[in-house]
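Below you'll find the structure I mean.
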Amino acid sequence: MLEIRRATLGDLDAIRAIYAPYVLNTAVSFEREVPSREEFAHRIHNTLKRFPYLVAVEDGAVLGYCYAGCVNERPSAWPSAELSVYVEWEHRGRGIGRMLYTEMEQQLRAQNVSNLYALVAAPVGENPYLSDDSPRFHTAMGYKEVGRLHACGEKFGYWLDLVYWEKILD
């Protein structure tokens with residue numbers, strides 16, 4: 001049975017292990033090196049000060065995680081949040097990302113967050129390090145593409161765009 005719960009620092013190694021293949025083998029993340037345990041602890045701790053950080057757990061194993069963050073630190077932007085989700089490579093396609101995003105949306109609604117955003121890497125031309133999984137996922141979750149930063153990143157020798165996706169909750 002899959003359970004969605006609040007992440008703790010005890011989930012750190014599992015979260016880091018899930019993220020590592022996205023950093024090392026794909027252009028999904030703009031990071032080039034897997035962040036240290038200390039950096040991940042810092043990220044989790046800082047996120048939980050203001051936003052949910054969720055994990056999907058099955059039989060004691062963390063299979064995915066999702067967190068929200070600031071779109072802009074200024075108080076007028078606080079009704080907005082940026083979301084990220086990662087699922088263990090072997091468990092993609094099981095609906096875990098959908099369950100995490102659905103729970104995240106419920107928790108953010110309770111915090112009076114109404115505008116959700118996701119930044120998704122997109123290839124400039126053919127790119128063997130990116131699939132269309134993220135755009136398809138966000139479309140299925142009710143997000144709309146609202147903007148694009150052109151050729152703003154490079155990884156593995158390929159240029160990348162960043163695409164803004166938006167969902168208005170209320």
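Which of the residues belonging to region 137-152 are part of a loop (DSSP other than H, G, I, E, B) and either more than 12 Å from Val163 (Cβ to Cβ) or polar (S, T, N, Q) (or both)?
Within region 137-152, the first condition is being part of a loop (DSSP other than H, G, I, E, B), and the residues that meet it are 141-143.
Across region 137-152, the qualifying residues are Met141, Gly142.
One line per residue, one yes/no per condition, for (1) farther than 18 Å from Gln107 by Cβ; (2) out of contact with any strand residue (DSSP E or B) (no Cβ under 7 Å at 6 or more places or on another chain); (3) of a type in the set (Lys, Arg):
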residue	(1), (2), (3)
Asp13	yes, yes, no
Ile18	yes, no, no
Tyr22	yes, no, no
Val28	yes, no, no
Pro35	yes, yes, no
Ala41	yes, yes, no
Lys49	no, yes, yes
Ala56	no, no, no
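Conditions (1) surrounded by fewer than 16 Cβ atoms within 10 Å (Cβ to Cβ); (2) more than 16 Å from the chain's Cα centre (by Cα); (3) on the phi > 0 side of the Ramachandran plot, marked per residue:
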| site | (1), (2), (3) |
| --- | --- |
| Leu2 | yes, yes, no |
| Arg6 | yes, no, no |
| Val62 | no, no, no |
| Val71 | no, no, no |
| Leu83 | no, no, no |
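Would you confirm whether or not region 148-161 contains a residue that is touching a Ser or Thr at 6+ places or on another chain (Cβ under 6 Å) and either of a type in the set (Ser, Thr, Tyr) or farther than 24 Å from Arg50 by Cβ (or both)? Lay out the reasoning, then the answer.
Our first condition is that a residue be touching a Ser or Thr at 6+ places or on another chain (Cβ under 6 Å); within region 148-161, this holds for none.
Within region 148-161, not a single residue is touching a Ser or Thr at 6+ places or on another chain (Cβ under 6 Å) and either of a type in the set (Ser, Thr, Tyr) or farther than 24 Å from Arg50 by Cβ (or both).
Looking at Phe156, Phe137, which one is out of contact with any Lys or Arg (no Cβ under 6 Å at 6 or more places or on another chain), at pLDDT 95 or above, of a type in the set (Phe, Trp, Tyr) and closer than 26 Å to Ile4 by Cα? Steps first, answer last, please.
Numbers: Phe156 fails: closer than 26 Å to Ile4 by Cα.
Checking each option against the conditions leaves just Phe137.
Run down Ala56, Ala14 and say which single residue is farther than 24 Å from Ala122 by Cβ, at pLDDT 95 or above and touching a helix residue (DSSP H, G or I) at 6+ places or on another chain (Cβ under 6 Å).
From the options Ala56, Ala14, the qualifying one is Ala56.
Applying the selection to region 108-122, what residues are surrounded by 21 or more Cβ atoms within 10 Å (Cβ to Cβ) and assigned to a loop (DSSP other than H, G, I, E, B)?
Val113 - this is the single residue of region 108-122 that is surrounded by 21 or more Cβ atoms within 10 Å (Cβ to Cβ) and assigned to a loop (DSSP other than H, G, I, E, B).
Next question. Any idea which residue in region 126-153 is farthest from Leu116 (Cα to Cα), counting only those that are acidic (Asp, Glu) and surrounded by 13 or more Cβ atoms within 10 Å (Cβ to Cβ)?
Our first condition is that a residue be acidic (Asp, Glu); within region 126-153, this holds for 126, 132-133, 145.
Narrowing further to those that are surrounded by 13 or more Cβ atoms within 10 Å (Cβ to Cβ): 133, 145.
On the way: Asp133: 19, Glu145: 12 Å.
The extreme case among them is Asp133.
Assess whether Arg98 counts as being closer than 18 Å to Val28 by Cα and either surrounded by 13 or more Cβ atoms within 10 Å (Cβ to Cβ) or in contact with a Ser or Thr (Cβ under 7 Å, 6 or more places away or on another chain) (or both). Talk me through it step by step, then tell me what you get.
Details: closer than 18 Å to Val28 by Cα: yes; either surrounded by 13 or more Cβ atoms within 10 Å (Cβ to Cβ) or in contact with a Ser or Thr (Cβ under 7 Å, 6 or more places away or on another chain) (or both): yes.
Yes, satisfied.
Among residues belonging to region 154-170 that are part of a strand (DSSP E or B) and among the acidic types (Asp, Glu), point out the one that is farthest from Asn112 (Cα to Cα).
Step one: filter region 154-170 for residues part of a strand (DSSP E or B), giving 154-155, 158-168.
Within this subset, residues satisfying the condition of being among the acidic types (Asp, Glu) are 154, 161, 166.
Working: Glu154: 36, Asp161: 30, Glu166: 16 Å.
Per the stated criteria, the residue is Glu154.
May I ask you to list the residues in region 42-78 that are part of a strand (DSSP E or B) and touching a Pro at 6+ places or on another chain (Cβ under 9 Å)? Give the steps one after another, and end with the answer.
Of the residues in region 42-78, the ones part of a strand (DSSP E or B) are 53-58, 61-69.
Answer for region 42-78, where residues must be part of a strand (DSSP E or B) and touching a Pro at 6+ places or on another chain (Cβ under 9 Å): Cys66, Tyr67, Ala68.
Please work out which one of (1) over 15 Å from the mean Cα position of the chain (by Cα); (2) more than 20 Å from Leu24 (Cβ to Cβ); (3) in a helix (DSSP H, G or I); (4) acidic (Asp, Glu) is the condition Glu105 fails and give its number.
All conditions are met except number (1).
Going by the structure shown, is Ser134 under 15 Å from Ser29 (Cβ atoms) and not in a strand (DSSP E or B)?
Numbers: under 15 Å from Ser29 (Cβ atoms): yes; not in a strand (DSSP E or B): yes.
For Ser134, the condition - under 15 Å from Ser29 (Cβ atoms) and not in a strand (DSSP E or B) - is met.
The values are calculated or read from the model by the stated rules, or taken from the named source; none is laboratory data. Being a predicted model, the structure only gives us computed values, none of them experimental. Ideal geometry is used to build each Cβ from the backbone, glycine not excepted, and the neighbour counts take in all protein chains shown.
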